[in-house]
Amino acid sequence: MQHSNGTKSPTIDVQRTKILLLGQRRSGKTSIQQVLFNDVSPKQTFYLEPTTRIVKDTYDTVIPLEIWDCPGNVTLDTLGASLSDFSSIIFVIDIQDSYQQPVARMLDFFIAAYQESPDICLEVLVHKAEAFTDDYKIENFRHIQQRVIDELLDISQDYEQMPLNFHLTSVYDHSIHEAFSRVLHKLIDSLPYLEDLLNVFCANSQSSKAFLFDVKSRLYVATDASPVDTGTHNLCCDYVKTLNAFGPLYKSSSSSAARLLRDSRSSSPSSGPSFYPSAAVTLAPSTQGTTLTYHSITPQLALLALMHTAVFEEQRGLLEYNVVFFREGVQEISQVEKDARMGSLVV
Amino acid sequence: MKKKVLLMGASGSGKTSMRSLIFSNNPASLTSRLGATIDVEQNHVRFLGDLILNLWDCGGQDSFMDSYLSTQRSTIFQHVGVMIYVFEVESRDMPKDLTYYRDCLDALRKYSSDASVFLLVHKMDLVKGDKGTQLERKRRDLQAESGDVEVTVFGTSIYDESLYKAWSRIVHTIIPNAAVLTKHLTTFAEACSATEVILFERTTFLVIATSSPPAPPASSQRALANGAATPGSSSTVVTAPTSPVEDVHKLNATRYERTSELIKALKHSCSRVREEFYALEMELPEFTAVLDEMTKNTYVLIVVHDPTIETAALKINIRTARQKFEELQNDSISA
Ligand SMILES: Nc1nc2c(ncn2[C@@H]2O[C@H](COP(=O)(O)OP(=O)(O)OP(=O)(O)O)[C@@H](O)[C@H]2O)c(=O)[nH]1
Ligand SMILES: Nc1nc2c(ncn2[C@@H]2O[C@H](COP(=O)(O)OP(=O)(O)OP(=O)(O)O)[C@@H](O)[C@H]2O)c(=O)[nH]1
Ligand SMILES: [Mg+2]
Ligand SMILES: [Mg+2]
């Protein structure tokens with residue numbers, strides 16, 4: 001079976017990585033899904049209707065995802081699927097709500113899932129956290145975390161090894177993006193290869209930090225080995241948002257299309273398009289400052305890298321060369337992911 | 001040169017909020033923490049270097065309003081260049097708002113007869129139904145209330161770009177010889193093979209001037225474009241949408257105010273990591289653009305659709321034009 005143009009035929013079902021979104025009524029499940037994957041603004045989530053049946057949404061990034069948004073009262077019986085079908089289960093707990101019921105329900109699901117597939121990723125989002133002051137937020141977060149672990153061990157000491165991950169989130173700031181990025185990382189088999197490519201890129205380009213972002217959702221799918229500073233992450237997130245918003249503003253009905261035409265003509269059909277959007281924002285006027293570069297890598301992904309402005313200006317050629325090298329690496333990895341998923345259908 | 005700008009309207013209508021958004025680069029989400037303004041808060045905002053906006057943010061509680069209209073009447077209403085009157089779109093007491101408004105208008109006519117008047121129908125984000133028809137109705141009502149005083153009405157909200165549109169139009173009327181800037185931006189755009197060039201004030205990112213729409217490449221239109229750029233035909237350059245040149249690009253109509261909003265948001269993100277926004281260059285599928293410092297007080301955005309033009313060339317053009325625009329700007333303000 002040939003899959004050479006698999007990307008262009010969405011009718012062929014690839015094997016998607018499934019994520020289950022659970023939580024009490026009004027805990028914010030649909031809001032999270034809509035804000036991340038459907039460009040809904042946080043304020044607009046106020047008008048979302050309660051979810052009455054399971055909604056399966058697909059999203060294509062470095063791996064193809066299928067996210068199941070459930071009604072608040074879904075049970076193992078009404079789910080209509082085995083928990084082992086999912087790679088990750090996310091349970092959303094409203095930080096402003098009482099915890100007893102949600103924690104009990106969450107543990108029911110988690111224990112059932114763990115028994116079926118011990119490798120499953122179990123994620124707890126302590127959500128709507130923006131409403132509290134930082135201190136109070138952390139205090140509540142710790143409290144919930146402790147309570148979950150206590151109750152779990154009360155049920156059985158066997159669950160000590162259960163891999164639970166806790167995140168403090170809100171759709172009103174960048175925390176949902178950072179948390180969901182971390183959820184996503186665990187699902188990407190090729191993550192170590194992407195990280196290697198980023199490390200090499202940083203070393204060769206004298207970049208202090210680089211992220212591979214999914215452009216539409218503004219989740220980062222990988223980063224280099226240096227620690228993630230939340231401020232830097234947030235700036236990158238906002239930068240991608242700015243660039244996404246700029247495109248349509250100055251789109252010319254007579255000339256924009258011609259730009260792309262020229263690019264597809266000048267490139268041989270096998271090498272794909274030669275034109276990749278790029279951008280750079282310079283911070284602080286002097287060459288002492290920092291520049292944040294943006295390079296499109298695939299239609300979904302972009303490389304963001306921080307470097308000294310002096311380096312950016314003096315070694316532009318080298319940077320572009322490193323980007324080409326990086327792009328080839330990522331495209332190769334994406335292709336392997338794609339083939340593996342198509343292949344698994346044939347079996 | 002100083003321009004006195006009165007910011008008036010009922011308490012809670014959003015005057016201090018918009019001031020803090022436009023002039024202090026604060027995010028909309030923080031405005032809910034603002035307390036009511038006591039009496040008048042005066043701000044001197046340096047705008048374009050030598051032009052100083054003297055903002056009078058007048059607390060809107062009844063007792064203050066009564067005093068502006070009686071004992072403080074001449075102090076408040078004399079030497080006013082612009083009065084901006086803010087109405088909440090869903091006001092709790094519109095008749096009272098209108099009574100105060102008419103009284104203020106009377107006082108303004110007496111003490112500053114040539115002041116321009118802008119009315120902002122604010123908090124448009126709260127309108128549930130059709131915002132367009134609601135705004136039209138308000139516009140008609142307010143124009144009727146204003147009698148023979150010429151007023152310009154805008155619908156605004158701190159949660160979208162509409163605020164930048166209104167304020168850009170307001171400051172545009174304050175800048176002397178803005179048309180000269182337009183003319184030179186048009187020439188500059190031609191030199192860059194740009195579709196459009198936009199000049200922003202540095203701290204507020206309000207739009208000061210833009211180049212005129214470019215002529216289509218047809219030779220018949222060519223003469224017309226050249227005619228418009230001929231030196232000597234000063235201040236006659238058409239900026240209105242009624243330009244005879246056919247708009248072949250059909251760029252998004254809200255692009256100016258959206259750009260202000262986007263850059264302000266990006267500046268804010270930068271400041272959160274204690275960095276300062278400086279310049280931006282983009283090669284997007286739709287266009288190529290450079291946003292860079294033009295003069296000490298302005299930023300310029302050059303938008304190019306020609307795929308053969310590179311950002312490096314645009315940056316060199318900006319560097320070359322800096323001196324000229326610095327002089328121009330000084331001329332236009334001291335004029
Ligand atoms: N303050 C705050 N409110 C949020 C946040 N996320 C969601 N909400 C609000 O929570 C309410 C419920 O959100 P939904 O996304 O519909 O919740 P849900 O979990 O999908 O609810 P069901 O579908 O009924 O189970 C909405 O009013 C959202 O605006 C958040 O991060 N902070
Ligand atoms: N929904 C909405 N709220 C707004 C908007 N602009 C301002 N507000 C809110 O209105 C409230 C009052 O705003 P202020 O700016 O303090 O009002 P003010 O006109 O200065 O009031 P005084 O100083 O008493 O005259 C704040 O809570 C703002 O968050 C808007 O566009 N939409
Ligand atoms: Mg829902
Ligand atoms: Mg005030």
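Summary table below
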read-out	value
Number of the condition not met by A:T232 [criteria: (1) at the interface with another protein chain (Cβ under 7 Å from one of its Cβ atoms); (2) in a loop (DSSP other than H, G, I, E, B)]	(2)
Some residue of segment A:238-255 being more than 30 Å from B:T308 (Cβ to Cβ), facing chain B (nearest Cβ under 9 Å) and either not charged (D, E, K, R) or not in a loop (DSSP other than H, G, I, E, B) (or both)	yes
Some residue of segment B:85-95 being in contact (Cβ under 8 Å) with a residue 24 or more places away in the chain, open to solvent by 20 Å² or more (accessible area, probe 1.4 Å), in contact with a strand residue (DSSP E or B) (Cβ under 7 Å, 6 or more places away or on another chain) and outside any loop (DSSP other than H, G, I, E, B)	yes
Matching residues, segment A:163-203, being within 16 Å of ligand 1 (Cβ to nearest atom), of a type outside the set (A, V, I, L, M, F, W, C) and either within 27 Å of A:E116 (Cα to Cα) or outside the structural domain of A:S87 (by TED's automatic domain parsing) (or both)	A:H167
Residue within segment B:104-123 that is open to solvent by 30 Å² or more (accessible area, probe 1.4 Å), more than 16 Å from ligand 1 (Cβ to nearest atom) and within 14 Å of chain A (Cβ to nearest Cβ) present	yes
Unmet criterion (only one of (1) without any contact (Cβ under 8 Å) to a residue 60 or more places away in the chain; (2) within 14 Å of another protein chain (Cβ to nearest Cβ); (3) more than 8 Å from ligand 2 (Cβ to nearest atom)) for B:S32	(3)
Residue that is surrounded by the fewest Cβ atoms within 10 Å (Cβ to Cβ) [pool: residues in segment B:267-281 that are facing chain A (nearest Cβ under 7 Å) and either touching a Phe, Trp or Tyr at 6+ places or on another chain (Cβ under 6 Å) or touching a residue at least 24 places away in the same chain (Cβ under 8 Å) (or both)]	B:C270
Index of the failed condition, B:L142 passing every other in (1) closer than 30 Å to B:D50 by Cβ; (2) surrounded by fewer than 21 Cβ atoms within 10 Å (Cβ to Cβ)	(1)
Checklist (1) within 24 Å of B:M1 (Cβ to Cβ); (2) more than 23 Å from the chain's Cα centre (by Cα); (3) not in a helix (DSSP H, G or I) applied to B:S113, failing item	(2)
Counted residues, segment A:151-192 - those being within 17 Å of A:Y59 (Cβ to Cβ) and part of a helix (DSSP H, G or I)	9
Candidate set from segment A:297-347 (those that are of a type in the set (V, I, T), within 15 Å of A:S278 (Cβ to Cβ) and part of a loop (DSSP other than H, G, I, E, B)); member that is most open to solvent (accessible area, probe 1.4 Å)	A:T298
Those residues of segment A:45-55 which are more than 7 Å from ligand 1 (Cβ to nearest atom) and surrounded by 13 or more Cβ atoms within 10 Å (Cβ to Cβ), in sequence order	A:I54, A:V55
Residue check, B:R46 of a type in the set (D, E, K, R), away from every other protein chain (no Cβ under 14 Å), away from ligand 2 (no atom under 16 Å from the Cβ) and outside any strand (DSSP E or B)	no
Selection status of B:L163, open to solvent by less than 20 Å² (accessible area, probe 1.4 Å), under 18 Å from B:K15 (Cβ atoms) and assigned to a strand (DSSP E or B)	no
Lone qualifier among B:Q61, B:Q78 - being closer than 22 Å to B:K4 by Cα, without any contact (Cβ under 8 Å) to a residue 60 or more places away in the chain and away from ligand 2 (no atom under 13 Å from the Cβ)	B:Q78
Only listed residue being surrounded by 19 or more Cβ atoms within 10 Å (Cβ to Cβ), among the charged types (D, E, K, R), more than 16 Å from ligand 4 (Cβ to nearest atom) and more than 14 Å from chain B (Cβ to nearest Cβ), chosen from A:D39, A:D69, A:D60	A:D69
Condition check for A:V148: free of Cβ contacts under 8 Å to residues at least 60 places away in the same chain, open to solvent by less than 30 Å² (accessible area, probe 1.4 Å), hydrophobic (A, V, I, L, M, F, W, C) and not in a helix (DSSP H, G or I)	no
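One line per residue, one yes/no per condition, for (1) open to solvent by 10 Å² or more (accessible area, probe 1.4 Å); (2) at pLDDT 95 or above:
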site: A:L152; (1), (2): no, no
site: A:H167; (1), (2): yes, yes
site: A:D173; (1), (2): yes, no
site: A:L198; (1), (2): no, yes
site: A:K209; (1), (2): yes, yes
site: A:Y220; (1), (2): no, yes
site: A:T223; (1), (2): yes, yes
site: A:G247; (1), (2): no, no
site: A:Y250; (1), (2): no, no
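The values are calculated or read from the model by the stated rules, or taken from the named source; none is laboratory data. The model shown is predicted, which means the values in this text are computed figures rather than measured ones. No Cβ is skipped: glycine too gets one built from the backbone with ideal geometry, and neighbour counts run over all protein chains shown. These accessible areas exclude ligands, DNA and RNA; they are computed on the full protein's heavy atoms, side chains included. Shrake-Rupley method; radii C 1.70, N 1.55, O 1.52, S 1.80 Å.
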